[in-house]
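A.B. asks: Input: one structure, supplied below.
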Amino acid sequence: MFQQDSPRNCSQRLNSLFRLSFIIVVVAGFSWTMPATVRTQEPPKKEATTPAPRPSPQPAELTPEQKIAQLENQIAQLTSEVARLRAELAKLEKYKQIDYTRDLMIKEEDRIRSLQSDLNDVAAKETTLNKRLDEIEREQRPDRIERSMAGVGSTRPEQDRDAIMAKLSTEKRQIQNQLESLRSTRGRIQPMIANAESSIARLKQRLAELSH
């Protein structure tokens, strides 16, 4: 028969079992958590990165003589560019003067045509008035007056004759006044045409100089 354990022995055995169970649980938990711990302690893998571009080599410092030569070259280029721009500007100014001179010539030619048209109108009016003036002078002859009164019975032939003469004389004076005004107008137009023609001649000379 087995010997019955005392309460003290049972308590000791229970304590031993508890300690052993605790050790087993701790060891088992450590074994389960160990891989994770190891993994967390592993160094992170480096991500693949493209290599940074190599810095371009810095140009060598220029010597004072080289700097002066570089400045002289830049000044020469700027001087050449300024000369080219001045030549272009002179050419544009020349074309502008040519266009302006041609415009003046056109205006003077138009002016001459207008004045010539006015002069032609004056000449046409003078021709008509002179023709009528010649007719009046013929009608003022006594024989023409008598002939115009031949078919008309009149008790006062002298008074009728004087009335016809006065009427013809009044018309003659009016025509003469008109002719005088037209001659004055022609006298103003003709010098204006001559001045315009002289202006055109000067402009043609100027245009020829600019075209060279």
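FYI, it's all coordinate maths here, none of it is from the lab. In this text, all values refer to a predicted model and were calculated from it rather than measured experimentally. In this analysis, Cβ positions are derived from the backbone assuming ideal geometry, glycine residues included, and neighbour counts consider all displayed protein chains.
A.B. asks: Each label point is 7 Å from the Cα along the Cα-to-Cβ direction; what then is the distance between the points at THR63 and ALA90, in nm?
C.D. replies: A separation of 4.0 nm, rounded to one decimal place.
A.B. asks: Suppose R0 equals 30 Å. What FRET efficiency, 1/(1 + (r/R0)^6) with r the Cβ-Cβ distance, do LYS125 and ALA163 give to the nearest 0.05?
C.D. replies: The calculated FRET efficiency here is 0.60.
A.B. asks: At a Förster distance of 25 Å, what's the computed FRET efficiency of MET192 paired with GLU137, Cβ-Cβ distance as r, to 0.05?
C.D. replies: Once the sixth-power term is evaluated, E becomes 0.15.
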